[in-house]
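Structure record follows, encoded as structure tokens.
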Amino acid sequence: MEKKPLLTQTGVVVGLAILCNALWGSAIPFINLGYKLFAIPSGESATQIVFAGCRFFLAGLLTILFTSIGRRKLVRPKKQNLYMVFCLGALQTVIQYVFFYIGVANTPSVKSAIIQGLNAFVAILIACYIFRSEKMNALKWIGGVLGVLGIVVVNLDGSSLGGSMKLTGEGFLLVSMVAGACSAGAIKHFGQREDPVALSGWQFMLGGAIMATAGFVCGGRLHPTGVGSVAVLLYLAALSAVAYTVWSVLLKFNPVSRIAPFMFLQPIFGVLLSLMLHGGGNVPLLRYAAALVLVCLSIVIVGKGQQTKA
């Protein structure tokens, strides 16, 4: 029997997908830490966008630099595929993260985490109904709903989920979520014709440069307060470089619905890391365990749905 390609083998896919989402889950706690170390007030949207732009430009630079050293040649997309870099830079970096950073600043943390958690399910829906790269079925619906429930459970801390919605809060987060989900489908589509590592690195550099320039023009400024602030920025850049590059390669070799459910793990990793970094009182272990069970069930059920012919 012919051996399956390495990046489609279950153990490899699971391990790399968990790694990506553990890194992404660490992003928000480290972004908040970066805000403290750079002394960025919560209302300084322009400076937050400069911070994000520098992070993503560095992420792209690191991706291209280390990959080029490893391959002993400059990694770049083909000339006829440059439009892919512009599309992904606009969709995956600029639109997704400008709306995300502003939306998070204007939305209660509970709502932010739940809306962020919806990204995995929306990515599956867009892959099935817009890009039509695969087919939807009952198991994918059930698995997606279970994953969303897991995100809700991990955030049920007594905070209110009600109240009015703000365009610059929940509205912007929804725009960011749709942009992120669409980018997954675009990466899957473009990755069949272009090196996903080249696309990831160059779109980060382009998108990051646009964000940093726009934020600077609007009055945003970064003021490092020491080695710690620079270290946090470099960590955020490195996690983006590693996570998005690995994720792009996984999307090239696997259906979106096979790896998207792992994104439900992001808020769980984020909550646990926040507790480790900032401490906490009574840790609701049962709630976290229940959320983790729901997310794991979601991953398994959606995986079964992917194996089932519609």
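The values are calculated or read from the model by the stated rules, or taken from the named source; none is laboratory data. Bear in mind the structure is a predicted one, so any value in this text is a computation, not a measurement. Quick reminder, even Gly has a Cβ in these numbers, built from the backbone with ideal geometry, and neighbours come from all protein chains shown. Just the protein is used for accessible areas: all its heavy atoms, side chains included, with ligands, DNA and RNA removed. Shrake-Rupley method; radii C 1.70, N 1.55, O 1.52, S 1.80 Å.
Below 15 angstrom from the Cβ of Tyr129, what's the summed charge of the other residues (Lys, Arg +1; Asp, Glu -1)?
So the surrounding residues net to +3.
Just check region 202-244 against the gyration tensor rule for me: Cα atoms, a ≥ b ≥ c as the square roots of the eigenvalues, rounded for a/c under 1.5, and otherwise prolate or oblate depending on whether a/b exceeds b/c.
Oblate is the answer for region 202-244, as a/c is 1.5 or above yet b/c matches or exceeds a/b.
Sorted by accessible area with a 1.4 angstrom probe, largest first, how do Trp24, Trp141 fall?
Trp141, Trp24
What value, in deg cm²/dmol to 500, does the helix sum -39500 (n - 2.57) over DSSP H runs of n ≥ 4 give at 222 nm once divided by the residues of the chain?
My calculation for the chain gives -23000 deg cm²/dmol from helical runs alone.
With springs connecting C-alpha atoms under 10 Å apart, model the chain as a Gaussian network and identify which of Gly219, Gly180, Gly270 has the largest mean-square fluctuation.
Judging by the Gaussian network model, the answer is Gly219.
What figure in square angstrom, to the nearest 10, would you give for the accessible area of Leu58 with a 1.4 Å probe?
50 Å²
Solvent-accessible area per residue for region 121-241 at a 1.4 Å probe radius, Å²?
44 Å²
Ignoring ligands, DNA and RNA, please state the percent of accessible area on region 38-100 from carbon and sulfur, probe 1.4 Å.
68 percent
Hey, which of these cross-link pairs are over 19 Å Cα-Cα: Lys36/Lys166; Lys78/Lys252; Lys78/Lys135; Lys140/Lys304; Lys73/Lys252; Lys4/Lys140?
From the list (Lys36/Lys166; Lys78/Lys252; Lys78/Lys135; Lys140/Lys304; Lys73/Lys252; Lys4/Lys140), the Cα-Cα distance tops 19 Å for Lys36/Lys166; Lys78/Lys135; Lys73/Lys252; Lys4/Lys140.
Rounded, prolate or oblate: which one fits the chain, using the alpha carbon gyration tensor with axes a ≥ b ≥ c (rounded when a/c is under 1.5, else prolate when a/b beats b/c, else oblate)?
It comes out oblate by the Cα gyration axes.
So which residue, out of Leu234, Leu167, Leu118, gets the largest mean-square fluctuation from a GNM of the chain using Cα contacts under 10 Å as springs?
Leu167
Given a 1.4 Å probe and the protein chains all in place, what does the accessible area of Lys166 round to, in Å² to the nearest 10?
The value for Lys166 is about 100 Å².
Between Arg71 and Val227, with labels modelled 7 Å along Cα→Cβ, what's the label distance in nm to one decimal, could you check?
3.5 nm
All other residues with a Cβ under 14 Å from the Cβ of Ala231 taken together, and with Lys, Arg as +1 and Asp, Glu as -1, what is their net charge?
+2
With contacts defined as alpha carbon pairs under 8 Å and 6 or more residues apart, what's the relative contact order of region 1-113 in percent?
24 percent.
Rounded to the nearest whole Å², what accessible area per residue is found for region 25-70 with the 1.4 Å probe?
38 Å²
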